[in-house]
Amino acid sequence: MKTQYYTATSLDGFLATEDDSLDWLFPLGDINDTGYPAFIAEVGALAMGASTYEWMVRHSEKVAESTGSNWPYEQPTWVFTHRNLPRLEGADLRFVEGAVRAVHRQMVDAAGGKNVWIVGGGDLAGQFHDAGLLDEAILQVASVTLGSGKPLFPRRVTSPPWKLLSARRIGSGFAELRYELPRGGPRGG
């Protein structure tokens, strides 16, 4: 069982534009050509930030067109937020706030031996990292630059550095980088 941050990023380290747009991402390739199908098969629980969840709600029709459902996940999902957010029908959602460490145990238990996926955003993944709970980062690095936007990982991590486990080309638009993150107590650098 691992806690993993799996995401797409621009070459210059942004997940989305300032206004949370992912329009730059979709023309670059088919998700089924990436490691995503094998990855999601091993996921038992998800964590996402409020902005990621709100993007899913705003784009539920587009999600339904491409996946057949306005909520493409069967796994229970913890949404970290301080606001009241609408519920998507058919989604197993738990709205939570506060420290990630307190919720992580619930997620691990619900995952039933499978992995926990930190869907987004970058700050939420950083909170799991700061708490010593993040095991792996799997980054789909896209062949575009955004110049500014929502950062991939708004933390300085220099010591110990992440350990590159693998790098592979995906079509002409992506490189998939897989990193092992040192686990233990709170870290920084």
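Positive contributions from Lys and Arg (+1) and negative ones from Asp and Glu (-1), summed over other residues with Cβ under 15 Å from the Cβ of ALA41, come out at 0.
Positive contributions from Lys and Arg (+1) and negative ones from Asp and Glu (-1), summed over other residues with Cβ under 9 Å from the Cβ of ILE170, come out at 0.
What does the net charge come to around TRP117 if you take all other residues with beta carbon closer than 13 Å to its beta carbon, with K and R at +1 and D and E at -1? Every neighbour counted, the sum reads -2. Between GLU18 and VAL96, the modelled label-to-label distance comes to 3.3 nm, taking each label 7 Å out from Cα in the direction of the beta carbon. Maximal additional length on extending the ALA41-SER159 stretch stands at 39.3 nm, based on 0.36 nm per residue less the C-alpha distance. The Rg/Rh ratio of the stretch 12-170, with both radii computed over alpha carbons and Rh defined as the Kirkwood radius, is 0.93. Relative contact order for the chain: 33 percent, from Cα pairs under 8 Å spaced at least 6 residues apart, divided by residue count. If R0 is taken as 30 Å, the Cβ-Cβ distance between ASP123 and ALA175 corresponds to a FRET efficiency of 0.80.
Taking GluC sites (Glu not before Pro) in DSSP loop states with no more than 15 other Cβ atoms inside 10 Å as exposed sites, the chain has its longest site-free stretch at 98-189.
Once you reduce the stretch 63-109 and the stretch 1-61 to the center of their Cα atoms, the two points are 14 Å from each other.
Taking MET107, MET56, MET48 as the candidate residues, the one with maximal mean-square fluctuation in a Gaussian network model of the chain, Cα springs under 10 Å, is MET56. Note on the stretch 93-132: Kirkwood radius taken over Cα pairs, Stokes-Einstein applied at 20 °C and 1.002 mPa s, translational D equal to 198 µm² s⁻¹.
Read-outs throughout are calculated quantities, based only on the coordinates presented, and are distinct from any laboratory measurement. Bear in mind that the values here come from a model prediction, so they are computed numbers and not experimental data. All Cβ positions, glycine included, derive from the backbone under ideal geometry; neighbour counts span all protein chains shown.
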